[in-house]
Amino acid sequence: MTFNRLLSRAALVSKVGSRSIFQSSKRDMTNPNWIRVGLAFGTTAFVWGLLFKQRSADEHEYRVRNGLE
Amino acid sequence: MWFLPEEAKALPPPSVFNRNSMWLALTGGLASMFHNAINHKPPLKSGVHRLVLLSSIGWYIGYHVTKREIYHYAKIDRDMKEYIGLHPEDFVAKEKKTFAEIVEPFIPIR
């Protein structure tokens, strides 16, 4: 919960331990945080690339060690 | 990898499409859906980027889990074969009898 509080804008307004209802607002869900979305999809593509690279490296290693290449 | 010894590299690698990957990808997908549900958002329609990211991470980890599983069972098989080779007297093949030798002669009573 405190992690979300650090991320919310209200924590920037007042560094006091409590938040005032006059400064808080509901999160704006209609405009997505495109940077975060882009990072997420980019990381996804990276992870899939890692997976396929690992698979081809394993295949190559298997062929080399068993004398099939 | 730090969790697999060198000899495991001589084993055939698993397919990218394996059971542990599917299960962990499902786990990641469910985690993202629960995260949405806890924050009062529609579980599947919101945060598709999170769903896709967590599922992909689950799939990747599942691939390595499968590699470890294959190594585990291959080691057991190799040790078993080695033991059978060292103790052949315990693993004598039973001599096979044909059915003609076992079955009693048929004497029809009509």
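Below, the figures for the structure above:
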quantity	calculated
Within-13-Å neighbourhood charge of B:PRO13 [Cβ basis; K, R +1; D, E -1]	+3
Rounded Å value of the spacing that divides the Cα centres of the range B:1-80 and the range A:18-47	27
Carbon/sulfur fraction of accessible area - the protein assembly as shown, other protein chains in place, 1.4 Å, %	65
Fraction of the pair-distance distribution of the range B:14-102 above 20 Å, Cα-Cα pairs, percent	61
Whichever lysines have a C-alpha closer than 19 Å to that of B:LYS81, once near sequence neighbours (fewer than 8 apart) are set aside	B:LYS94
Exercise: per-residue mean of other protein chain Cβ atoms within 10 Å, B:10-17	4
B:SER55, A:SER56, ranked by accessible area, largest first (probe 1.4 Å)	A:SER56, B:SER55
Sites B:THR98 and A:TRP48 - FRET efficiency at Förster radius 45 Å, r taken between beta-carbons, to 0.05	0.20
Residue-normalised accessible area of the range B:36-99, expressed per residue, 1.4 Å probe, Å²	76
15 Å beta-carbon shell around B:MET33, net charge (K/R +1, D/E -1)	+3
Spatially proximal lysines relative to B:LYS67 (Cα-Cα < 17 Å; intrachain offsets below 8 disregarded)	A:LYS53, B:LYS9, B:LYS75
The protein assembly as shown - convex hull of alpha carbons, volume per residue in Å³	320
Residue-averaged beta-carbon neighbours from other chains (10 angstrom radius) around A:44-54	4
Protection proxy ranking of B:15-28, B:78-91, B:34-47 - average other beta-carbon atoms within 10 Å, highest first	B:15-28, B:34-47, B:78-91
For the pair A and B, total buried accessible area rounded to nearest 100 Å², probe 1.4 Å	1900
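The values are calculated or read from the model by the stated rules, or taken from the named source; none is laboratory data. Since this is a predicted model, take the numbers as computed values, not measurements. For neighbour counting, all protein chains shown are included, and Cβ atoms are generated from backbone atoms with ideal geometry for every residue, glycine included. Accessible surface is based on the protein model in full, side chains and every heavy atom, while ligands, DNA and RNA are left aside. Shrake-Rupley method; radii C 1.70, N 1.55, O 1.52, S 1.80 Å.
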